[in-house]
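Below you'll find the structure, written out as structure tokens, and then a few comments.
Read-outs throughout are calculated quantities, based only on the coordinates presented, and are distinct from any laboratory measurement. Every value quoted in this text rests on a predicted model; they were computed, and no experiment measured them.
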Amino acid sequence: MLDGLKMEENLQNALETSAPFSSLLGRAVSPKSVCEGCQRVISDRFLLRLNDSLWHEQCVQCASCKEPLETTCFYRDKKLYCKLDYEK
């Protein structure tokens, strides 16, 4: 897992797939989660959280070179970078 990055269950998606529980609540608990990388709704069961931003797993890539970030990442101006591009 990336340093400072947490994978967590997407509560909205979990509630939608659990009819008895969601019917007890009567409404959605939270708004739809939107990926910081692609600006699309995260409908996957799991999402990644970096600081206060949510991401699809496949969107966690360097903003400059587009390489997937699998072990570490660096964050600046709401964008993710590999170490080499972050230091430029």
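Some notes on this structure:
- For region 52-57, Karplus couplings with θ = phi - 60° (6.51, -1.76, 1.60), whole Hz, Gly/Pro x: 9, 10, 10, 9, 6, 4
- Gain on full stretching of the segment that runs from residue 75 to residue 46 - 0.36 nm per residue minus C-alpha separation: 8.4 nm
- For a straight C-alpha distance cut-off of 25 angstrom, the lysines reachable from residue 32 (same-chain residues fewer than eight places away being disregarded) are 6, 78, 79.
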